[in-house]
Amino acid sequence: MADKKLKIGIIGGSLGGLFTGIALQKSGHQVTIYEKTGEKLKDRGAGVVLQQELIDFFQEYQINRIENINVPIYQRVYVDRNGRQTRVDNSKQQMTAWGTLFHELIKNFPASQYNYGHSLKNLSQANNQVSVEFDNGKVETFDLLIGADGTNSTVRKIVFPEILLRYAGYVGWRGIVHETELPTDVLNELIDRFTFYSMPNSHILCYLIPGNDDEVSPGSRRINWVWYWNVNKGQDIDDLLTDINGIKRSGFVPEGLVMPEYIKAQKEIADEVMPPIFKELIRATKNPFIQPVNDLAVTKMYSNRVVLIGDAAFTPRPHTAASTAKAVANGINLSQSLKDFPDDIEQALAFWEQPQLDMGNYLKNRGVALGNQSQFGTSLRT
Ligand SMILES: Cc1cc2nc3c(=O)[nH]c(=O)nc-3n(C[C@H](O)[C@H](O)[C@H](O)COP(=O)(O)OP(=O)(O)OC[C@H]3O[C@@H](n4cnc5c(N)ncnc54)[C@H](O)[C@@H]3O)c2cc1C
């Protein structure tokens, strides 16, 4: 139990908000999460590589047994244009899905302290207290406010308005296919493997993840794929991120909202350039979605009693497969630091901050190097 019980508000109830909320609540603090979405967050369809930080978190907080939430892979397989294997590396990894993690975490945070339909509008600080105002008119005051509100964080825009998001020059087309929707010979090529195909200025990868209801048994799993495309800044990316309702999205364009003409063009290109297994995978995908790749890095993780964690502070490129693990680390380290300095929040935050900045910058630089090498043939473009 914390020596000093703090009243803590968390803005954003996705994975970062829940990891942090669970850790702080189990330490004895009075924690409330506010999520702008009006109802249970929908599966964003994305696969997530289970890094060690997530496995440790699930064990420490007894969320669920890891074998119940992952589909393992045993090899990384690289194929050529004809689908022939050019390289096979033995490598065990555990794959899960954003939705599977969310479903497990939300069960482990008190429902009465998780508020949907609360979009942060404004905040102000005075006398070491943070006052917040939501767009539904509710106002609240906290000892500590945590911005876990993602890449387009409102909290960050208020406390660090000088920090800007930068489009990296390419997007990830992503898709999910149920394993029963693939021809058996294609599925057999993908099971137990993380499969890659590289082409000039692009690559595609895929792996199996749990099913729609988080099942991990054969017959009910899904295949998650990501295909990186260079798209020019300006009109080209603006057009691609404009959804079927004519709304220009600032983040990803979800399943079912991508303009049909882009999906048609994407499938035609896949038919021309892809090895057979990826061609089949893309053909079988009903509703692909688009994730623009951005670079975001803060230079401070907190301002007085307002803290940023997860994607709100650093959004590394997806090649690192470590954004979720970073959000876990931010949350548990914050909880630990508040335990270590129970009577001095300022010292707790100062002690917590530098390792989080170091981790964020390391992942940012690694993501830039990997992405630029694949997409532009150089790691020098930043
Ligand atoms: C399409 C997609 C695919 C991804 N794939 C991977 C992957 O393969 N591997 C991986 O490790 N990571 C992946 N990520 C990143 C991963 O999901 C995040 O790193 C992880 O969820 C932690 O993010 P977060 O909780 O900090 O932010 P987010 O998950 O972005 O959550 C922010 C939350 O804040 C809420 N919010 C925003 N503004 C407000 C406001 N004003 N008031 C209240 N609430 C607000 C949002 O509705 C959202 O629920 C992916 C992300 C996306 C979008």
What 222 nm value per residue comes from the helices of the chain, counting each DSSP H run with n ≥ 4 as -39,500 (n - 2.57) and dividing by all residues, nearest 500 deg cm²/dmol?
-10000 deg cm²/dmol
Can you list residues from other chains, or at least 5 along the same chain, whose modelled amide H is less than 5 Å from the amide H of residue 115?
33, 34, 35
At a 1.4 Å probe radius, which order do 5, 364 fall into by accessible area, largest first?
5, 364
Pair residue 67, residue 202: separation of 7 Å Cα→Cβ label points (nm):
4.1
What accessible surface, in Å², does a 1.4 Å probe find on residue 101, ignoring ligands, DNA and RNA and rounding to the nearest 10?
0
What part of the accessible area of the chain, given as a whole %, is carbon or sulfur when the probe is 1.4 angstrom?
47
Mean Cβ neighbour count within 10 Å, used as a protection proxy, ranking 69-75, 10-16 highest first:
10-16, 69-75
Counting heavy atoms of the protein chains only and a 1.4 Å probe, report the per residue accessible area for the chain as a whole number of Å².
43
Ignoring ligands and nucleic acids, what accessible area does residue 343 show with a 1.4 Å probe (Å², nearest 10)?
140
Distance in nm between pseudo-label sites at residue 269 and residue 121 (7 Å out along the Cβ direction from Cα)
4.2
Once you charge only the Cβ atoms, +1 for Lys and Arg and -1 for Asp and Glu, what is the size of the charge dipole of the chain about its Cα centre, to the nearest 20 debye?
380
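The values are calculated or read from the model by the stated rules, or taken from the named source; none is laboratory data. All of these numbers come straight from a predicted model, not from anything done at the bench. All Cβ positions, even for glycine, are placed from backbone atoms using ideal geometry, and neighbour counts span all protein chains on display. The protein model used for the area step is the full one, side chains on, heavy atoms only, and it has no ligands, DNA or RNA in it. Shrake-Rupley method; radii C 1.70, N 1.55, O 1.52, S 1.80 Å.
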